[in-house]
Amino acid sequence: LRLGAGDAAGAAERYRSALALAVEGAEARSLRAKLAASESPALARSVGPWLLGSGDRAAALAKLEAAEGPLPRYLVARALLARGDEERALRTFGSLDAAGLPDAAFGREARRLAAQALCGLGRWEEGIAAFVALAASDTESGLREQAEDSARRCAFERDAGPWSSPVRR
């Protein structure tokens, strides 16, 4: 709430304190994204409303889509995937400069979501290969196992036959 109220320094302090509690996964990525926004006024203006869920959702998404940079692109791709627009999400993830994201966890998550989009589009072999590559590149066994499970799930969907077409929302 401090970030939304314009207290970037106070927000950054709170996000750092929360991160010190050893949070993981999506919660940690959310806090790191908010911390990055609290440390950059331009980023706060472009991604803040979306990250904080404040104001009009359509306006927040439009502001996010108009923004430049890796974090806004990552958030746009996630939003597209959540809306079922796998094709645009995949293109956005593909053009993402992961080196500019707050940390390596964002890049891993972007690769995982891109593989998920491939499977969702029925591009089974590409999706499976992307999950296998993600599993092979990760040194954290929990993430490796998740990617291996996702590769198996994508293969399962592929092998289910013609009725296994990707679900369209």
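The values are calculated or read from the model by the stated rules, or taken from the named source; none is laboratory data. Bear in mind that the values here come from a model prediction, so they are computed numbers and not experimental data. When we count neighbours, we look across all protein chains shown, and the Cβ atoms used for this are built from the backbone with ideal geometry, even at glycine.
If only one of 114, 58, 104, 82 is farther than 20 Å from residue 42 by Cβ and in contact with a helix residue (DSSP H, G or I) (Cβ under 7 Å, 6 or more places away or on another chain), which one is it?
Values: 58 fails: in contact with a helix residue (DSSP H, G or I) (Cβ under 7 Å, 6 or more places away or on another chain); 104 fails: in contact with a helix residue (DSSP H, G or I) (Cβ under 7 Å, 6 or more places away or on another chain); 82 fails: in contact with a helix residue (DSSP H, G or I) (Cβ under 7 Å, 6 or more places away or on another chain).
Answer to the selection: 114.
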Could you check, for segment 59-78, whether at least one of its residues is more than 25 Å from residue 146 (Cβ to Cβ), modelled with pLDDT under 90 and either buried (at least 16 other Cβ atoms within 10 Å of the Cβ) or in contact with a Leu (Cβ under 8 Å, 6 or more places away or on another chain) (or both)?
no
Scan segment 78-100 and tell me whether some residue there is farther than 30 Å from residue 124 by Cβ and out of contact with any strand residue (DSSP E or B) (no Cβ under 7 Å at 6 or more places or on another chain).
yes
Scanning segment 88-123 for residues that are surrounded by fewer than 18 Cβ atoms within 10 Å (Cβ to Cβ) and either within 15 Å of residue 152 (Cα to Cα) or touching a residue at least 60 places away in the same chain (Cβ under 8 Å) (or both) gives 103, 105, 122
Within segment 35-53, is there a residue that is within 15 Å of the chain's Cα centre (by Cα) and without any contact (Cβ under 8 Å) to a residue 24 or more places away in the chain?
no
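Tell me, which residue of segment 1-53 that is assigned to a loop (DSSP other than H, G, I, E, B) and at pLDDT below 85 is nearest to residue 147 (Cα to Cα)? It would help to see each step written out before you state the result.
If we filter segment 1-53 for residues that are assigned to a loop (DSSP other than H, G, I, E, B), which is where we start, we get 1-7, 20-24, 39-40, 53.
Now drop any that are not at pLDDT below 85, which leaves 1-7, 22.
Working: 1: 34, 2: 36, 3: 34, 4: 35, 5: 39, 6: 39, 7: 38, 22: 22 Å.
Among those residues, the one meeting the criterion is 22.
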Would you confirm, using the coordinates I've provided, whether residue 32 is touching a residue at least 12 places away in the same chain (Cβ under 8 Å), under 14 Å from the mean Cα position of the chain (by Cα) and more than 25 Å from residue 119 (Cβ to Cβ)?
yes
Considering only segment 65-122, how many residues are of a type in the set (Asp, Glu) and assigned to a helix (DSSP H, G or I)?
4
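Determine if segment 135-147 includes at least one residue that is closer than 19 Å to residue 35 by Cβ, touching a residue at least 12 places away in the same chain (Cβ under 8 Å) and in a helix (DSSP H, G or I).
Step one: of segment 135-147, the residues closer than 19 Å to residue 35 by Cβ are none.
Within segment 135-147 (the criterion being closer than 19 Å to residue 35 by Cβ, touching a residue at least 12 places away in the same chain (Cβ under 8 Å) and in a helix (DSSP H, G or I)), the answer is no, since none of the residues qualifies.
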Residue 152 passes all but one of the listed conditions (1) in a helix (DSSP H, G or I); (2) over 23 Å from residue 104 (Cβ atoms); (3) in contact (Cβ under 8 Å) with a residue 24 or more places away in the chain; (4) not hydroxyl-bearing (Ser, Thr, Tyr); the exception is number (3)
